[in-house]
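Chemist: The structure is given below, and queries will be raised subsequently.
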Amino acid sequence: MLHSIDVRSANLRRSASVLLVALGLLCALCVFFVFEVADLRRTLRELRDNDLVRIETRNILVDLLDAEAGQRGFLLTGDPKFLEQYQHGRNHVSERIRRSREDGAMDEQLKGDAAQIMLLADSRLEELAHTVALKRQGHDAAALDVVKGGYGKSGMDRARLLIQTNLEQLRLERDRLLEDLNRRIERSATLLVLILGTVVALSLHAWRSLATSARVNNELAGHLAMEATHDALTGLPNRRFFDMWARQLLGKNRRDQSCFTLFLIDLDGFKKVNDTLGHSTGDEVLKVASARFQATLRAGELLARLGGDEFALLIEGNVSRIELIGLAERLISSLRIRLHDDLADDAVGASIGVARFPQNGSDIDMLVEAADGALYQSKEGGRGMVSFAPTGRCCPT
């Protein structure tokens, strides 16, 4: 039992160590996963800001083109409807450039480019406004001369080039962010799989530990129950078990109004073995004698070691006196062959006292007392004998 307890303690320490390491790994994985999720959110935010800046930059170009298209339409046709397109583009360009410059998502280079675009756009818008004003005043030729001068076109080309360059830079940045996003998603997925795997492994380990603990506990409980009711040396039921079984048997036979028999068995010559050859030899003799006694028994017969070299045998049923004498002689004869290499044949024998329920007593104490008296008669009569307690007639004889 002590070995089982030591093994259980070692298993518990090992399981605790494994669980601590696994929990540490799980905590580390969770921390990494939290950081990865934070970085993932930051990358998504940068990607969103990049898209907004790209849209805003592209819209600046679209609004400039709208203003230019409206101006040309008005100059060529004189139709006031083109002024709506011109006015719409003009009103939105400045506002979009201002918002882009104030956007915290833009780096310094983009902000510098936005300032140049704003200057070029302002110059172009002034030219457009001047030509529109000349057209309204009826100075068509003067308006066309301004357009033919090409200054506004040159500024527009530079603005368009800057915007396209910014869009390309933003596209490259967006591609980089997408690659970074994919890498972070892969790392996050890997960490999540590792976390789930660790949780599953912990669950399996916990289940196995619980199953092992339950098995060890059951084995330990079995050992404790065995040790509480059985003799550690011979494996036979001990006095405690004998008392419990005897009282149950007594109650059953009282209800059924039937009989049972009690043998008290004492080993002859055992004290001399202990005194001359030592207790280790005596223990071996007790184990061999117990095994030989057990080999002679049948169903319904319980053999117990009460202590020292004293044994008790309970026999259920209405067994005749002749059968009881035959059983007693078989028990005595089983010890005639030597019980140890250092002993001779018949070095150890057995004396038996017999008492029967109910004629020798109405309870266990009375039966034990009667059987003990009969055992004393066997000892006094020369040992190696069986003696019956004096009785009336109840059971068949």
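Chemist: Just need a number here: residues in the stretch 230-285 that are under 47 Å from the mean Cα position of the chain (by Cα), in a loop (DSSP other than H, G, I, E, B) and either of a type in the set (Asp, Glu) or farther than 26 Å from residue 387 by Cβ (or both).
Modeler: Looking only at that region, the number is 4.
Chemist: Somewhere in the stretch 332-346, is a residue open to solvent by less than 10 Å² (accessible area, probe 1.4 Å) and not in a loop (DSSP other than H, G, I, E, B)? Step through it out loud before you land on a result.
Modeler: Taking the stretch 332-346 as the starting set, the residues that turn out to be open to solvent by less than 10 Å² (accessible area, probe 1.4 Å) are 335.
If we keep only those that are not in a loop (DSSP other than H, G, I, E, B) as well, we get none.
There is no residue in the stretch 332-346 that is open to solvent by less than 10 Å² (accessible area, probe 1.4 Å) and not in a loop (DSSP other than H, G, I, E, B).
Chemist: Under 6 Å between Cβ atoms, at least 6 apart or on separate chains: pull out the pairs that start in the stretch 232-243 with a residue that is of a type outside the set (Gly, Ala, Ser) and end on any residue that is assigned to a loop (DSSP other than H, G, I, E, B).
Modeler: Note: pairs meeting the criteria are 238/231.
Chemist: With the checklist (1) at pLDDT below 70; (2) among the hydroxyl-bearing types (Ser, Thr, Tyr); (3) surrounded by fewer than 16 Cβ atoms within 10 Å (Cβ to Cβ) in hand, flag the one item residue 17 doesn't pass.
Modeler: All conditions are met except number (1).
Chemist: Condition first: hydrophobic (A, V, I, L, M, F, W, C) and either within 14 Å of residue 234 (Cβ to Cβ) or crowded, with 20+ Cβ neighbours inside 10 Å (or both). Now tell me which residues in the stretch 308-325 satisfy that.
Modeler: Initial filter on the stretch 308-325 (hydrophobic (A, V, I, L, M, F, W, C)): 311-315, 319, 322, 324-325.
Result: 311, 312, 313, 314, 315, 319, 324.
Chemist: Let me ask something else about it. List pairs: first residue in the stretch 372-397 and more than 12 Å from residue 268 (Cβ to Cβ) and modelled with pLDDT under 70, second residue not in a loop (DSSP other than H, G, I, E, B) and not β-branched (Val, Ile, Thr) anywhere in the structure, Cβ distance under 7 angstrom, at least six positions apart or on different chains.
Modeler: Every condition considered, the pairs that remain are 395/356; 397/321.
The values are calculated or read from the model by the stated rules, or taken from the named source; none is laboratory data. Treat the numbers as computed from the prediction; the structure is a model and nothing was measured. Virtual Cβ from ideal backbone geometry, glycine too; neighbours counted across all protein chains shown. The area values use the complete protein model at the heavy-atom level, side chains included, leaving out ligands, DNA and RNA. Shrake-Rupley method; radii C 1.70, N 1.55, O 1.52, S 1.80 Å.
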